Amino acid sequence: MSRFLLQQPINLRSVLCFFALITPFTLNAEPNFHAGQVVVQATPDELGDAKVLRFYPNSGISVIQVELGKEASKLNAYRAKGKRASKNFIASHFANDPYYSTYQWHFSKIEVENAWEVSDGYGVTVAVLDTGLRMGGNDGIGCVEGGTDIAYDDNDPTDGDGHGTHVSGTIAQATNNSTGVAGLAYSSCVMPVKVLDDGGSGSFADIADGIYYAVSNGAGVINMSLGVSARSGLTNDPIMDAALDHAAANGVVVVAAAGNDSFRKNVSYPAIYPSVIAVGATDYNNALAPYSNRGKGLDIVAPGGNTAADENGDGFADGVLQETFASDGTWGYYFFQGTSMATPHVSALAAMLLANGIEPEDVKEAMTSTAQDLGNPGYDNSFGHGLIQPSQALNWSAGGSLPEEGGGENEVVCTDNDGDGYCAEVDDCDDTNANVNPGKNEKGQRRKDGLDNNCNGVIDA
């Protein structure tokens, strides 16, 4: 891991004033909207034979299904009858953190804004087994839950190194707070588990105990930006293996760094363990970072940066930018590089997938089957299955693909009126509402919507 400071915090504002940081934009004719839908201020009884997809009792609003391409004419017809009507436009949140759009290239490389329209990780806790977490920066982590210090055997997981704080920021940095940078799964919670000392080292006993702690205290994901040298040849350990098996048996997704040895034969342990998602690192150009291990055990890659280059010409090294502190305690926004920085991108995506209803045992498949293929076609030893694509992964569904057209007498009929990828004849308990299907999650919702979202027969579990 290498570090590069964006700028000393005391001089940051004055330095930025020398630049014209302008983001161009194009004015569109209208926002995106749900095709085939019109929103009318009316009850279903007032709408006669119209097909009502959903009625909102608090506001007296109905969403009705109309012929594709006929949305404008239909809403005008309702307006002519004195009804309030419009297309069902789509709004989404914006990351207003000032350095997000200008310096966090690693998020734009994986098109996070499309993913944020689906999930932000709300309701999921990510245990960061690292050097701990220090509070006190201007930006901070949006949600911190529990935590402990195993390395020094106390209950204070304060980071004395800066590595764990930086890693935690990639996962859940406070976002949309008009300050600093953004986090990928910014509504998830970080559980800091200090298993590495302030010099960045930790024993297998400490790390294994940290895994058990995370599982026992409700973590859905464990991030381990740590490991031994890939050149050591270590692929198993009876103590660590048992801890990793315990996490898998309890439905906790474990993600670990492939390592920074520039080794070509295999990745580091524990990343190489079968139940762990092993993460390599890419640079600004989506090339494999020169330090990133490859070979046996590699599953997927994510942005890890290269502080020896400035390929985007922004005047700073192409590292991964998050808030942390220097050895003298100075807070700032630092560019780090390493598979340690790539790993929390994948852990954050795991949290987003869990929050969106993907089962723990399917998280790896959702990521790898939707990754952007890099290098040789298909799986290869340099990039694994490819670069994570959060938006596509969030739209993945186990067994949710529609049957192919044709098939003669054995053709499978699939009705999918709401376009959610699930057939009414098979498993979709409400084919008029895309928010209701077996792939949806009820537990991670912010609010109760009165729906049986995951078709389990229970409303808002």
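The values are calculated or read from the model by the stated rules, or taken from the named source; none is laboratory data. These figures come from a predicted structure and were not determined experimentally. Cβ: placed from backbone, ideal geometry, glycine included. Neighbour counts: every protein chain shown.
Need pairs with beta-carbon distance below 6 Å; first residue over 21 Å from residue 345 (Cβ atoms) and within the stretch 247-275, second surrounded by 15 or more Cβ atoms within 10 Å (Cβ to Cβ) and of a type in the set (Lys, Arg); sequence gap 6+ or separate chains.
That search, which allows pairs on different chains as well, returns 264/294.
Restricting to strands (runs of 3 or more DSSP E) lying wholly in the stretch 237-332: which have 1 or more residues that are in contact with a His (Cβ under 7 Å, 6 or more places away or on another chain)?
Those strands (runs of 3 or more DSSP E) span 300-303, 320-325.
Which count do you get for residues in the stretch 285-318 that are under 18 Å from residue 273 (Cβ atoms) and acidic (Asp, Glu)?
Here the count works out to 1.
Taking the stated definitions as given, is residue 40 modelled with pLDDT of 85 or more, farther than 30 Å from residue 333 by Cα, of a type in the set (A, V, I, L, M) and touching a Phe, Trp or Tyr at 6+ places or on another chain (Cβ under 7 Å)? Walk me through how you get there before you give the answer.
Numbers: modelled with pLDDT of 85 or more: yes; farther than 30 Å from residue 333 by Cα: yes; of a type in the set (A, V, I, L, M): yes; touching a Phe, Trp or Tyr at 6+ places or on another chain (Cβ under 7 Å): yes.
Here the answer is yes, as residue 40 does meet what is asked.
Quick one: would you say residue 310 is among the acidic types (Asp, Glu) and without any contact (Cβ under 8 Å) to a residue 24 or more places away in the chain? Working first, answer last.
Values: among the acidic types (Asp, Glu): yes; without any contact (Cβ under 8 Å) to a residue 24 or more places away in the chain: yes.
Spelling it out, residue 310 is indeed among the acidic types (Asp, Glu) and without any contact (Cβ under 8 Å) to a residue 24 or more places away in the chain.
Only residues that are surrounded by 10 or more Cβ atoms within 10 Å (Cβ to Cβ), farther than 19 Å from residue 436 by Cα and modelled with pLDDT under 90: list them for the stretch 43-60, please.
60
Listed residues 245, 237, 198; which is surrounded by fewer than 15 Cβ atoms within 10 Å (Cβ to Cβ) and among the charged types (D, E, K, R)?
Values: 237 fails: surrounded by fewer than 15 Cβ atoms within 10 Å (Cβ to Cβ); 198 fails: surrounded by fewer than 15 Cβ atoms within 10 Å (Cβ to Cβ).
Just one listed residue meets the conditions, 245.
Every residue, every condition in (1) over 21 Å from the mean Cα position of the chain (by Cα); (2) surrounded by fewer than 24 Cβ atoms within 10 Å (Cβ to Cβ), yes or no:
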site	(1), (2)
252	no, yes
286	no, yes
291	yes, yes
309	yes, yes
324	no, no
329	yes, yes
337	no, no
